[in-house]
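The values are calculated or read from the model by the stated rules, or taken from the named source; none is laboratory data. This one's a predicted model, so the numbers in the text were calculated from it and none came from an experiment. Cβ coordinates were reconstructed from backbone atoms using ideal geometry, including for glycine residues, and neighbour counts include every protein chain displayed.
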Amino acid sequence: MKEKLCTLREAVARFVPDGASVALGVQLESMIPFAAGHEIIRQGMRSLTLVGPISDILFDQMIGAGCVQRVIAAWVGNVMMGSAYNFRRAVEDGVPHALDVVDHTNFTLALALHAAALGVPFLPTYTAGGSSVAARSPDIAELQAPFTGEKMRAVRAISPDVTIVQAQRADPSGNAHVWGNLGVLPDAVHAAKRVIVVAEEIVAPKVIASDPNRTVIPGFLVSAVAEVPFGAHPSPVQGYYNRDNEYYGEYHRTTRTRPEFEAWLEDWIIGVKDRKGYLGRLGQARVDSLKVRKHAWSVRADFGS
């Protein structure tokens, strides 16, 4: 299989053009590819559509940086603190520019990605029937079931131009092991036209082959794979590091106004060259404090014949 290993900078430059739809944060509050989002900001991509379920502060950062034209999501904010100030400024005041928002519930967004993964234009559902989400979302329509005649909802398929995911480990061909909370990752990678895997570590193919059931992302779906340790900080990666709760509070306190956010952006993203520079800004003591201390190893599985 073709080797797809490259730097994160190369992967973003090649597969995230202006105007692309990008799925991020598909594992909910864990394993959010912050390093990839920050690289998109550094490279100045514009007019992006962001797709995600419970979209954390990465969406807020990319919106504030002027990268985003549309958001397709169930919620955008700071999971720990509540409000996302850049998102609110964009929606309410058009700062830094107007933002188009397509509402979903977590489940309808999951159905939309699942439909695209299956290769069908929509999926029927009973959900969202009693909510205002269905009435205001262009991706949800009424449907009369063909066999029973009952009224249902149809959720339009969403096929992102690129899905970017964080993985624990991958080989140079993009075959990736992921464990812990998967969220909608399996559907998001099958639904997308391109997939970028950001891995905590690159390992030999034999390591991936030793546990095929943990290979949630097959390499044939992957366009590029990059090794970026701590690539999901401040969100957690199961078995590697914990959630940096302090960081979420700091971000909330220091981005209340537009000038404050611009200073934060320069300090944490624009002003650092890459993820290594970001971790240097974070400090080694803080990085070490987040690493897993109490390991919980899985037992061995015998795949012999």
(request) Taking the options Val225, Val272, name whichever one is buried (at least 16 other Cβ atoms within 10 Å of the Cβ) and in contact (Cβ under 8 Å) with a residue 24 or more places away in the chain. (result) Val225
(message) List the residue pairs whose Cβ atoms are under 6 Å apart, where the first residue sits in segment 87-107 and is under 21 Å from Gly19 (Cα atoms), the second is basic (Lys, Arg), and the two are 6 or more positions apart or on different chains.
(response) Val95/Arg89; Asp100/Arg70; Asp103/Arg136
(message) I'm told His177 meets every condition in (1) in the same structural domain as Ala13 (by TED's automatic domain parsing); (2) over 17 Å from the mean Cα position of the chain (by Cα); (3) crowded, with 21+ Cβ neighbours inside 10 Å except one. Can you identify the failing condition by its number?
(response) (2)
(request) Looking only at segment 82-105, decide whether some residue is farther than 30 Å from Thr254 by Cβ, touching a Lys or Arg at 6+ places or on another chain (Cβ under 9 Å) and buried (at least 19 other Cβ atoms within 10 Å of the Cβ). (result) no
(message) Return the residues of segment 163-174 that are closer than 19 Å to Leu28 by Cα and surrounded by 24 or more Cβ atoms within 10 Å (Cβ to Cβ); say none if nothing qualifies.
(response) Thr163, Ile164, Val165, Gln166, Ala167
(message) Go through (1) farther than 30 Å from Leu5 by Cβ; (2) buried (at least 18 other Cβ atoms within 10 Å of the Cβ) for Arg136 and report which single condition fails.
(response) (2)
(request) Considering only segment 155-170, state which residues are not in a strand (DSSP E or B) and not hydrophobic (A, V, I, L, M, F, W, C). (result) Ser159, Pro160, Asp161
(message) Here are the criteria: (1) farther than 27 Å from Asn175 by Cβ; (2) touching a residue at least 24 places away in the same chain (Cβ under 8 Å). Tell me which single one Gly77 does not satisfy.
(response) (2)
(request) Name the single residue, out of those in segment 118-133 being within 24 Å of the chain's Cα centre (by Cα) and not in a loop (DSSP other than H, G, I, E, B), that is farthest from Thr148 (Cα to Cα). (result) Val133
(message) Go through segment 194-224 and report how many residues are within 18 Å of Lys276 (Cβ to Cβ) and touching a Leu at 6+ places or on another chain (Cβ under 9 Å).
(response) 2
(request) Say whether the condition of being more than 22 Å from the chain's Cα centre (by Cα) and either of a type in the set (A, V, I, L, M) or assigned by TED's automatic domain parsing to the domain that holds Ala188 (or both) is met by at least one residue in segment 161-173. (result) no
(message) If Glu150 satisfies all but one of (1) in the same structural domain as Tyr126 (by TED's automatic domain parsing); (2) among the charged types (D, E, K, R); (3) crowded, with 21+ Cβ neighbours inside 10 Å, what's the number of the condition it fails?
(response) (3)
(request) Name the strands (runs of 3 or more DSSP E) wholly inside segment 6-117 in which the number of residues that are farther than 26 Å from Lys276 by Cα, basic (Lys, Arg) and modelled with pLDDT of 95 or more is 2 or more. (result) none
(message) Among the residues that make up segment 233-241, is at least one of them touching a strand residue (DSSP E or B) at 6+ places or on another chain (Cβ under 9 Å) and polar (S, T, N, Q)?
(response) yes
